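Asker: One structure is given below, represented as structure tokens, and several questions about it will come after.
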Amino acid sequence: MREEALQAIQSAPDLETLQAVKTRYVGKSGLVTKELGTLGKLPPEERKRRGAEINAVRQAIDAALQGREAVLKRAALDAKLASEAVDVTLPGLPLPSGGLHPINRVYEDLIGIYERMGYVVVEGPEVEDEHHNFEALNVPWYHPARDLQDTFWLEDGRLLRTHTSPMQIRYMVDHEPPMKVVVRGKVYRYEATDATHEAMFHQLEGLVVGDGVSMADLKGTIAEMARGLYGPSAKVRFQPSYYPFVEPGADFAVWWDNPRGESKWLELGGCGMIHPNVFKAVDDLREVQGKPRVYGGKAGFAFGLGPERIAMLKYGIPDIRYFYANDPRVLGQFRGEL
Ligand code: FA5
């Protein structure tokens with residue numbers, strides 16, 4: 001029986017068969033167990049000898065079962081691992097990827113340049129009140145400059161901001177000089193659209209206030225931005241211009257050296273030295289909030305520009321309306337690259 005059992009154990013091909021063999025020999029009513037049951041009928045001398053004999057057989061069988069079980073378990077695990085293995089050489093499933101909108105890419109470029117110069121980046125409300133959008137910026141209601149920026153009015157008397165300049169007021173009311181800030185965000189104008197004008201577009205506003213800030217600082221800052229955008233030989237041009245909230249005021253353009261041979265002056269935006277009336281309006285608002293008047297005797301400059309113009313030239317987009325028409329043929333060209 002010993003040889004027969006050991007033979008059956010060694011040749012069991014899997015754990016199930018091994019379990020059956022175990023039951024057959026050492027289970028409750030297995031052959032070895034039954035054999036032990038017969039001991040009681042033997043005379044004492046015989047019983048001792050026979051008992052030792054059967055126990056030896058049982059120990060041999062138990063040891064063989066244990067050994068075979070370990071071997072089969074190991075084999076089962078190996079087979080499972082092999083069948084569940086991931087083939088890392090298979091090609092992956094393609095993931096559809098989005099991309100940064102061209103305007104956001106231009107913002108990233110511009111903001112990177114200003115952050116390196118130590119500017120703080122802020123945003124602000126798109127729904128504004130008349131006081132921040134016009135009044136405090138030295139544009140009283142009767143002033144003809146209001147016609148320069150046609151306005152979307154809301155029913156409650158508020159409006160969609162026509163430029164990012166109201167954030168100059170908000171930031172100065174909340175902070176004390178010195179300060180270097182850029183504002184990014186959407187602005188809205190009630191005007192007919194064409195290839196270079198949209199009713200919703202973006203601006204980047206700059207504001208610097210401190211002691212002895214000068215026009216030279218303003219020009220140097222715009223020149224630094226131009227070099228950041230177009231390389232060390234970039235040129236800038238300033239022409240006198242009128243904005244009620246600055247004095248003197250100027251428009252600035254950057255020479256755009258285009259490899260496609262379309263080089264030209266790119267009219268980017270307006271700028272100037274902050275008008276004393278603006279500082280006064282800020283201090284008036286601060287006083288209402290119980291804050292000290294701190295802008296008397298300060299000097300500062302501000303500028304505002306439209307990133308759409310930069311993006312149109314950079315990416316060769318001929319019409320500003322393509323940016324916001326959500327045409328996948330346009331936006332698809334910017335997929336994946338960041
Ligand atoms: C302003 O909005 C002033 N707030 C800029 C400023 C800030 C001047 C601080 C002085 C000091 P303007 O209306 O020129 O200025 O607009 C600024 C820029 O926005 C323009 O140069 C142009 O690049 C862009 N822009 C103006 N109107 C549109 C439009 N309809 N569509 C697309 N871009 C526009």
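The values are calculated or read from the model by the stated rules, or taken from the named source; none is laboratory data. Note that the structure is predicted; figures quoted are calculated from it, not measured. Cβ atoms come from the backbone with ideal geometry, glycine included; neighbour counts cover every protein chain shown.
Asker: Kindly list the number of the only condition in (1) more than 27 Å from PRO102 (Cβ to Cβ); (2) within 10 Å of the ligand (Cβ to nearest atom) that fails for PRO240.
Answerer: That leaves (2) as the condition not met.
Asker: Now for a different question. Residues in region 128-163 that are more than 17 Å from GLY185 (Cα to Cα), at pLDDT 90 or above and surrounded by 13 or more Cβ atoms within 10 Å (Cβ to Cβ): how many?
Answerer: Adding up the residues that qualify gives 9.
Asker: Looking at this structure, is GLU205 within 11 Å of the ligand (Cβ to nearest atom), closer than 30 Å to GLY316 by Cβ and at pLDDT 95 or above?
Answerer: yes
Asker: Across region 182-200, what is the total count of residues that are within 8 Å of the ligand (Cβ to nearest atom) and in a loop (DSSP other than H, G, I, E, B)?
Answerer: The qualifying residues number 6.
Asker: Right, here's the next one. Which residues, counting only those in region 246-286, are assigned to a helix (DSSP H, G or I) and surrounded by 20 or more Cβ atoms within 10 Å (Cβ to Cβ)?
Answerer: Scanning region 246-286 gives VAL278, PHE279, ALA281, VAL282.
Asker: I need the full set of residues from region 188-239 which are in contact with a helix residue (DSSP H, G or I) (Cβ under 9 Å, 6 or more places away or on another chain), under 30 Å from VAL294 (Cα atoms) and of a type in the set (A, V, I, L, M, F, W, C), in order please.
Answerer: LEU204, LEU207, VAL208, VAL209, MET225
Asker: With the requirement that a residue be surrounded by fewer than 10 Cβ atoms within 10 Å (Cβ to Cβ) and among the β-branched types (Val, Ile, Thr), what does region 62-93 give you?
Answerer: Once the filter is applied, which keeps residues that are surrounded by fewer than 10 Cβ atoms within 10 Å (Cβ to Cβ) and among the β-branched types (Val, Ile, Thr), region 62-93 yields VAL86, VAL88, THR89.
Asker: May I pose another question? Which residues, counting only those in region 287-319, are at pLDDT 95 or above, assigned to a helix (DSSP H, G or I) and within 16 Å of the ligand (Cβ to nearest atom)?
Answerer: Correct list: PRO307, GLU308.
Asker: May I ask you to list pairs of residues, at least six apart or on different chains, whose Cβ atoms are under 7 Å apart, with the first in region 191-204 being in contact (Cβ under 8 Å) with a residue 40 or more places away in the chain and the second being within 6 Å of the ligand (Cβ to nearest atom) and assigned to a strand (DSSP E or B)?
Answerer: Partner pairs satisfying both residue conditions: GLU191/HIS197; GLN203/GLY304; GLN203/LEU305; LEU204/LEU305.
Asker: I would also like to ask the following. Go through region 35-61 and report how many residues are of a type outside the set (A, V, I, L, M), surrounded by fewer than 15 Cβ atoms within 10 Å (Cβ to Cβ) and either touching a Lys or Arg at 6+ places or on another chain (Cβ under 9 Å) or closer than 14 Å to ARG2 by Cα (or both).
Answerer: 7
Asker: Something else now. Search region 58-71 for residues that are within 14 Å of TYR25 (Cβ to Cβ) and pair each with any residue that is assigned to a helix (DSSP H, G or I) and among the aromatic types (Phe, Trp, Tyr) when their beta-carbon atoms are under 9 Å apart and the residues are at least 6 apart or on different chains.
Answerer: Note: pairs meeting the criteria are ARG58/TYR25; ILE61/TYR25; LEU65/TYR25.
Asker: Would you mind stating whether GLY212 is away from the ligand (no atom under 12 Å from the Cβ) and at negative phi?
Answerer: No; evaluated as a whole, the condition is false for this residue.
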